[in-house]
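Enquirer: Mind looking over this structure? Questions follow.
Derivation of every value follows stated rules applied to the coordinates shown; laboratory data play no part. Please read all numbers here as calculations on a predicted model, not as lab measurements. Reconstructed Cβ throughout: ideal geometry from the backbone, glycine too, with neighbour counts over all protein chains shown.
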Amino acid sequence: MHLEIPFTQEEICEAHRQVIRENKLDAAYIRPLVFLGSEGMGLRAEGLKVHVGIAGWDWPSYMSPETLEAGLKVRTSSYTRHHVNITMVKAKASGNYINSMLALREALDSGCDEAIMLDPEGYVAEGSAENFFMVRDGVIYTPDLTSCLDGITRDTVFKLAADHGIEVREKRITRDEVYICDEAFFTGTAAEIVPIREYDSRIIGDGKRGPIATVLQAAYFDLVRGKNDKYQGWLAPVAE
């Protein structure tokens, strides 16, 4: 994105810890944001200062506790996910989320909880702001990284699945494959791991959280709460 961040990675990590400490947050969602200053206007974006801001707030769950078990009702969005030559699809860039906002609003207005977005070739890409997984015959499948984000929680699921002896395969996924899968779920920093119970008016599996999603969800919550010794290196103590 041609943004030269004026701080080191460790300086930004320490700023995250400071935000949590100073605001006395026991559990929080943190959101770093890098943005250009107001020294000029227009598309050239020349001579603009790069700023970094970090927000942190109490956000117990992006989804309700009931949804974490019952699952989401989702629909195929009429909005296509970004093409790789339209924008930097691997960047967690704010502008990319206009596409997501349109898709989610459409889903909510139609009585659904979320959207599944297809890539420009018609294959399943991801949710409006979540990576997508489905299960068939004990194997987890997820779209390969073309037009979808290489999410941190997505990578976490790969590792947790391996720990439980569950195979994960990346492949192109068609919409009709999802209709007949055994279970499906979304992952994301905010969504964490949330099951999908219904897609395009078709019930997925038993219409609730499936056994593999149950295992991964429990493992994920243990990990982020420091109850998994294997991944202690992923945690950053914030106490002084």
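Enquirer: Grab the Cα-Cα distance for PHE158 and ARG172, subtract it from 0.36 nm times how many residues apart they are, and report the gain in nm with one decimal.
Expert: 3.4 nm
Enquirer: Take every DSSP beta bridge with both residues inside the chain and express the antiparallel ones as a percent of the total, to the nearest 5.
Expert: Details: 26 of 36 bridges.
Antiparallel: roughly 70 percent of the beta bridges in the chain.
Enquirer: Check the straight Cα-Cα distances from LYS49 and name the aspartates and glutamates below 13 Å, setting aside those fewer than 8 residues away within the same chain.
Expert: Result set, ordered by chain and number: GLU4, GLU39.
Enquirer: Mind checking which aspartates and glutamates have their Cα closer than 12 Å to the Cα of LYS159? Skip sequence neighbours fewer than 8 apart in that chain.
Expert: Within the straight-line cut-off, LYS159 pairs with GLU167.
Enquirer: Tell me what the chain gives for mean residue ellipticity at 222 nm when only DSSP H runs of n ≥ 4 count, each as -39,500 (n - 2.57), the sum divided by the residue total, rounded to 500 deg cm²/dmol.
Expert: On the way: 6 runs with 64 residues, N = 240.
That calculation yields -8000 deg cm²/dmol at 222 nm.
Enquirer: Using the Karplus curve 6.51 cos²θ - 1.76 cosθ + 1.60 with θ = phi - 60°, what ³J(HN,Hα) values do you get for each residue of region 164-175, in whole Hz, with x for Gly and Pro?
Expert: The phi angles translate into 9, x, 9, 7, 10, 10, 9, 6, 6, 10, 8, 4 Hz.
Enquirer: Taking the number of other C-beta atoms within 10 Å as the exposure measure, put ILE180, ILE173, ILE20 in order starting with the fewest.
Expert: On the way: ILE180 11, ILE173 22, ILE20 19.
Going from least to most buried by this count: ILE180, ILE20, ILE173.
Enquirer: May I ask for the angle, rounded to the nearest 10°, between helix 211-224 and the longest principal axis of the chain, with both axes built from Cα atoms and the value confined to 0 to 90°?
Expert: For 211-224 against the chain, the angle is about 20 degrees.
Enquirer: Put a dot 7 Å past each Cα toward the Cβ at LYS24 and MET1; how far apart are the dots in nm?
Expert: 3.3 nm
Enquirer: Around ILE196, which amide H atoms from residues at least 5 apart in sequence, or from another chain, sit under 5 Å from its own amide H, with H modelled in the peptide plane?
Expert: LEU72, ALA184, PHE185, PHE186
Enquirer: When averaged across all projection directions, what area in nm² does the alpha-carbon convex hull of region 130-240 cover?
Expert: Working: hull surface 30.5 nm².
Answer in nm², one decimal: 7.6.
Enquirer: Which of rounded, prolate or oblate describes the chain when judged by the alpha-carbon gyration tensor and an a/c cut-off of 1.5?
Expert: Numbers: a/c = 1.89, a/b = 1.26, b/c = 1.50.
Because a/c hits 1.5 or more and a/b fails to exceed b/c, the chain counts as oblate.
Enquirer: Right, another one. I need two numbers for region 9-57: Rg to one decimal and Dmax as a whole number, Cα atoms only, in Å.
Expert: 14.1, 42
Enquirer: Compute, for the chain, the length of the dipole vector about the Cα centre, with Cβ point charges of +1 (Lys, Arg) and -1 (Asp, Glu) only. Units Debye, rounded to 20.
Expert: Numbers: 26 positive and 37 negative charges, 30 e Å.
For this selection, approximately 140 debye.
Enquirer: When a footprinting reagent is the concern and you count Cβ atoms within 10 Å, what order do MET101, MET41 take, fewest first? Don't skip to the answer; put the middle values down first.
Expert: Values: MET101 12, MET41 8.
If I rank by nearby Cβ atoms, fewest first, I get MET41, MET101.
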